Amino acid sequence: VWMVITKEDSPMVIYTYSWAAYRGLTLWLTTWKLQDWHVGQTMWHDLWEIVHQKDVTVYHVSGHVPLATPGNDEADSLAKF
């Protein structure tokens with residue numbers, strides 16, 4: 001997610017089945033900023049700066065539930081380098 005946000009142009013829509021990525025970007029980022037976070041500080045500081053300059057929308061989706069998330073397996077195969 002960090003690579004996409006830092007490298008791609010906005011607007012962007014990110015769908016993730018990672019609760020950590022989703023909550024980090026939608027709930028925790030502001031809390032970490034206000035509380036002067038230390039865990040992963042460089043990465044989250046970069047994300048804070050970038051998401052306030054770009055148009056980023058993040059959604060959580062269920063992972064690997066074929067009927068609920070069609071195309072999830074295909075997305076996984078495309079994301080592997």
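The values are calculated or read from the model by the stated rules, or taken from the named source; none is laboratory data. Just so you know, these numbers come straight off a predicted model, no measurement behind them. Reconstructed Cβ throughout: ideal geometry from the backbone, glycine too, with neighbour counts over all protein chains shown. For accessibility, only protein heavy atoms count, side chains too; no ligands or nucleic acids. Shrake-Rupley method; radii C 1.70, N 1.55, O 1.52, S 1.80 Å.
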To the nearest 10 degrees, how steep is helix 41-51 against the longest Cα principal axis of the chain, on a 0 to 90 scale?
80
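Going from most exposed to least, what order do Met12, Met43, Met3 have by accessible area with a 1.4 Å probe? Write out the running numbers ahead of the final one.
On the way: Met12 20, Met43 75, Met3 120 Å².
Largest to smallest exposure gives the sequence Met3, Met43, Met12.
I need to check one value: relative contact order of the chain, counting alpha carbon pairs closer than 8 Å and at least 6 residues apart, in percent.
Numbers: 60 pairs, mean separation 35.0, N = 81.
Computed value for the chain: 43 percent relative contact order.
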At 1.4 Å probe size, what's the solvent-accessible area of Asp76? Round to the nearest 10 Å².
40
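Just reorder Lys54, Lys33, Lys7 by solvent-accessible area, largest first, 1.4 Å probe, all chains present.
Numbers: Lys54 55, Lys33 80, Lys7 145 Å².
Solvent-accessible surface, decreasing: Lys7, Lys33, Lys54.
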Can you list the residues, at least 5 places off or on another chain, whose amide H is less than 5 Å from the amide H of Val58, using H built in the peptide plane?
Ile14
Not counting ligands, DNA or RNA, and with a 1.4 Å probe, what is His52's accessible surface area in Å² rounded to the nearest 10?
120
To the nearest 0.05, what FRET efficiency results for Thr57 and Asp36 with a Förster distance of 30 Å applied to their C-beta separation?
0.65
Enter the accessible area of Thr57 (Å², nearest 10), with the probe set to 1.4 Å and all protein chains included.
50
Order of exposure, largest accessible area first, which applies to Tyr22, Tyr15, Tyr59 with probe 1.4 Å
Tyr15, Tyr59, Tyr22
Between [x] 1.21; [y] 0.93; [z] 1.00, the structure-derived Rg/Rh (Cα atoms, Kirkwood Rh) is [z]
